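**Student:** After the structure tokens below, expect a handful of questions from me.
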Amino acid sequence: MEHHAEVLRGGVWHQRAAGWRDLAAILLVLTIIILVGAGARQMVAPLVAGEQPEISLSPMALPAYALRTTLRMVAALVASLIFTFTYATLAAKSRRAELVLIPLLDVLQSVPVLGYLSFTVVFFVALFPGNVLGAELAAIFAIFTSQAWNMAFSFFQSLRTTPRDLDEASRSFRFSGWQRFWRLDVPFAMPGLIWNTMMSMSGGWFFVVASEAISVGDLHIALPGIGSYVARAIEEQNLVAVGWAILAMTITILIYDQLLFRPLVAWADKFRYEQTAAQAVPRSWVLDLFRRTKLVRGAAAPIGTMMQAAARARLSLPSYFRAGDDRVPSSRLLDVAWFGLILVGLAYTGWRLLQYAGTELSWADVADAFGNGGLTLLRVAILIVIATVIWVPIGVAVGLRPSLAEKVQPVAQFLAAFPANLLFPVVVYLIVRFDLPPKIWLSPLMILGTQWYILFNVIAGASAFPTDLREAAASFRIPGWRWWREVMLPGIFPYYVTGAITASGGAWNASIVSEAVSWGSTRINGSGLGAYIAQMTDAGDYPRIALGIAVMSLFVVSVNRLLWRPLYAFAERRTRLD
Amino acid sequence: MVGDTNSANIDLRKVCMVFAKPSGEPLPVLADIDMAMRNGEILGLLGRSGSGKSTLLRIAGGLIKPTSGEVIYRGAPLTGPCEGIAVVFQTFALFPWLTVLENVEAGLDALALPREETRRRAQSAIDLIGLDGFQSAYPRELSGGMRQRVGFARAIVTRPVVLLMDEPFSALDVLTAETLRTDFMDLWIERELPTNSVLMVTHNVEEAVLMCDRVLILASNPGRIAAEIPVTLPRPRNRLEDEFRGIVDEIYSVLTARTVASIGALAQVHGGIVQPLPRASVNRMSGLVEKLAAPPYNGQAELATLASALALEVDDLFPIAEALHILEFAELKDGALKLTAAGGVFARGSTEERKRLFREHLLRFVPLAAHICRVLGEREGHSAPRMRFQIELEDHLTGPDAQGTLRSATAWGRYAELFAYDDKKRLFSAIRSAG
């Protein structure tokens, strides 16, 4: 899912990598996916995915299901954090590692997660034959992929933009690599990291719902959780149960937010690098509770002391982790050797890919996939335009009224976090009921969940619009349309672009679950690339799933490079005053 | 603290520093620096921005490795940051997520001392620097002055033999800076600091004379030591004494002589097109001309006097004075600025007259401006991309210098209505009436 850490942080968007690196990385990712999938496919036949408990549709079962779903989220969060700390650190501290790791991350961000779900499910299930653990890991992995890339990017960016004076102070005090990591690197990255984690959370809920109940070929998996509950409700055409699931999800997200993210955001406020006091300090009643309660504080104190001591310890990491002295130009010979190694690796994977594709696919398949891709592209474009026309005026109207914005903003954020795929059955039921043409009426599902990014970014932009400029515009009595064109739209443009990037990236991903849907035994196919991938997944046709993913990645990367990045750079340049 | 006064704590021998331009060409920033920090002294490094003084301080602290030459610390070559050398930063460089006490203790992390010893030493440094009562505050709650006190405490807690201070007071307001300077000097005079010698980078001439035993003046492009001025006045020093003023004036004379010499030298090269232009806005130039023309100066003033009257530091005042010198509205000589006849006319003129005069002088004395006009006149469509001139300048100047020069030429040319510039298209174009 395309979130782009640095955009969300409102930072400057640097062109990170040249085009050929993207291509190389796409190649690499695809090949790994295909090889893993192809290998695992041979193991599918004798495999039975363990004893699976029946999913109950009773509302009483929902709290337990919600808990299971939440646990998967937490597990994925921990895994993402570990990945972030190691992967991004390696990329930031070693020039050679960066050459490979960063383009790879860039592409992974753009590959539709739901597309390769089929591969990972088969892979993990094959790892633990006859055990439900494999399926659990696959679901956790799906959530992991929806947030790890953004988090790693955010951390990497922070590591590379560490303020020079703090870097020099750390070196002048001769911190060891370990001390520096906990004293400087992690604290400095914390606000961005938490913000990105929060933004990725909506993707996480979406994927946990989608990945709990999944069928790949003959393999059917239903893990106890809200996602499976909904899948079962769809099978049995039980609209009431869908309603219960929506309610349970709403409560779960609210609790998760209150218990995990509010306290985190409030706590992370002390890591802000700006030295000015903030006007609005984020608060959390949970954190206040922890800070004020003597008992809790007493219990937490030894843990705090232990962690402090751990951070102070002069553990020495291998030398390539140490900052400062590794960025000097090192030996040419090693560079050439490293580069050669990458080229050989790429050539090999390219050859394997061609060989594999040659035997399984024809040009007609490619044309078919591209045709479907065009259809989905058209849908995404039209939907973004519609969402823009609706939400920009509303967002501006709300953003300019601070008291209203304060109330609407959390709602918009909640709506963005809510997994829209839980709402699909309601819409699908209506389509079936009134016999509407699916090619048109399935389309809005794609943007159901991600349109809110446009809304809340526009609200944020309008709220941040300088009061003096507004007053100047008012005192010059700039009339209606010109007010929009010359005052407000340029002001919110960078925010809008950020929101639209996220919305369109999310829409591509959602297309896989929204272009082909079912209600009981009724199947509705809206065609398009998402439907293509979904169909091939049902059929267990790996070469065509891979083709679908490749084409979708190509579309997403191209749209980003050709449309969003130039727009973002333009917005950056236009709205700067110095 | 005590010891052989002839031996040096840090000794720089033939130190050169060369950075690489984006194009890969070498860009020398420091050339052949020989400098010794003697026992028991405060050594000042004074120079314009871009003279490499901060780089020099970082080399002395082991934070940057020089391209060539040696750094000797107490008899042994320095290979990196080392125990006994502490740095105070211009921007304080405090960790915003640590409290005052934790920030000070962080200075001791590398020593891996027992917990109680760390706390005790941090506490005594905090007491010494006058931070008692602020231990649990976060840096963002503190004023600039208190923050820099934390910076000092953090440096002193390591009991450094050598203290390196990079413009430690320049981010503070005038009153706060004065208080901190006085407090620091009191500690130094009373020998309460564990430190043996201090190296201080500054661009405030009075500050250098007030605090240092010796002042080294750095010349720019590449940075090299232009003069060494000993300050032997007894402490505490009084800014109003004649001897004090004498040394300040002497330093300004050296600085102006360097500036005038480098303007003269670069005007000869390549038709003068590549002469770097100082970053001075027309508004500031007009302001200084008006100030200079009015009583009590009546057309002439010492730079030292102007600097303290206008509360400008060397880095603020010199670019404006230099611009006026280049445009021949004023003459920079022996530490004084003297209005020329044209400068006097400019000071009295109306907006239109000023513009006309400025245009004439710009065309006559700034070859780059004339060059831009000529190119615009010759080219089809009477326009030229910014890149065209930037590349031309970068053949001779560093990237930032080339950009700054072009920016000044653009601003001055726009004011004089010599040419127009469209920043969106990054395009210069001729103004029809001017042609």
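Just so you know, all these numbers are worked out from the coordinates, no wet-lab data involved. Keep in mind the model is a prediction, meaning the values are calculated, not measured. Cβ atoms come from the backbone with ideal geometry, glycine included; neighbour counts cover every protein chain shown.
**Student:** Using the 10 angstrom Cβ neighbour count as an exposure proxy, how do A:495, B:415, A:229 rank, fewest first?
**Tutor:** Numbers: A:495 25, B:415 18, A:229 31.
Least to most surrounded, the residues fall as B:415, A:495, A:229.
**Student:** If you don't mind, another one. What fraction, in whole percent, of alpha-carbon pairs in the protein assembly as shown exceed 56 Å separation?
**Tutor:** On the way: 132262 of 512578 pairs.
The proportion of pairs with Cα distances above 56 Å equals 26 percent.
**Student:** Here is a further query. For the range B:8-253, what does the equivalent ellipsoid look like in terms of its semi-axes, each the square root of 5 times an eigenvalue of the Cα gyration tensor, given largest first in whole Å?
**Tutor:** Gyration-tensor ellipsoid for the range B:8-253: 29, 23, 17 Å.
**Student:** At 10 °C and 1.306 mPa s, what whole-number value in µm²/s does Stokes-Einstein give for the translational diffusion of the range B:331-373, with Rh from the Kirkwood sum over Cα pairs?
**Tutor:** Once the numbers are plugged in, D ends up at 137 µm²/s.
**Student:** Continuing with the same structure: Any number yet on Rg/Rh for the range A:489-578, C-alpha, Kirkwood?
**Tutor:** 1.16
**Student:** Another one. For the range A:360-578, what is the largest minus smallest coordinate of the Cα atoms on each principal axis, given in angstrom and ordered from greatest to least?
**Tutor:** 66, 38, 26
**Student:** Using a cut-off of 13 Å between beta-carbons, work out the net charge of the residues near residue A:232 (Lys and Arg +1, Asp and Glu -1, residue A:232 not included). Walk me through the numbers before you get to the answer.
**Tutor:** Working: positive: none; negative: A:54, A:212, A:235, A:236.
Value of the local net charge: -4.
**Student:** Continuing with this model, one more query. When a/c reaches 1.5 or more, the comparison of a/b and b/c decides; with that in mind, is chain B rounded, prolate or oblate per its Cα gyration tensor?
**Tutor:** It is prolate, given that a/c is not under 1.5 and a/b is the larger ratio.
**Student:** Which values, in whole Å and largest first, are the semi-axes of the equivalent ellipsoid of the range B:282-430 obtained as the square root of 5 times each eigenvalue of the Cα gyration tensor? Walk me through the intermediate numbers first.
**Tutor:** Numbers: eigenvalues 184, 61, 28 Å².
Three semi-axes, in Å: 30, 17, 12.
**Student:** Per residue, how big is the convex hull around the C-alpha atoms of the range B:79-140? Give it to me in cubic angstrom, could you?
**Tutor:** 109
**Student:** Grab the other residues whose beta carbon is less than 14 angstrom from that of residue B:296, score K and R as +1, D and E as -1, and report the net.
**Tutor:** -1
**Student:** Something else about it: With all pairs of different alpha carbon atoms counted, what Kirkwood hydrodynamic radius in Å does the range A:470-520 show?
**Tutor:** 14.0
**Student:** Quick one: divide the alpha-carbon radius of gyration of the range A:100-205 by 2.2 N^0.38 Å and tell me what you get.
**Tutor:** Cα-based Rg divided by the globular estimate yields 1.38.
**Student:** Where does each of B:383, A:154 land when they are ranked from fewest to most other beta-carbon atoms within 10 angstrom?
**Tutor:** Fewest-to-most Cβ neighbours within 10 Å comes out as B:383, A:154.
**Student:** Please state the equivalent ellipsoid semi-axes for the range B:1-119: what are the square roots of 5 times the Cα gyration tensor eigenvalues, largest first, in whole Å? Intermediate results must be reported in sequence, preceding the final value.
**Tutor:** Working: eigenvalues 165, 87, 37 Å².
Calculated on Cα positions only, the semi-axes equal 29, 21, 14 Å.
**Student:** A further question follows. Once you have a ≥ b ≥ c as the square roots of the Cα gyration tensor eigenvalues for the range A:65-152, tell me rounded if a/c is under 1.5, and otherwise prolate or oblate according to whether a/b is larger than b/c.
**Tutor:** prolate
**Student:** Any idea what diffusion coefficient the range B:359-432 gets from Stokes-Einstein, in µm²/s, Kirkwood Rh on alpha carbon pairs, 20 °C, 1.002 mPa s?
**Tutor:** Estimated via Stokes-Einstein, D reaches 175 µm²/s.
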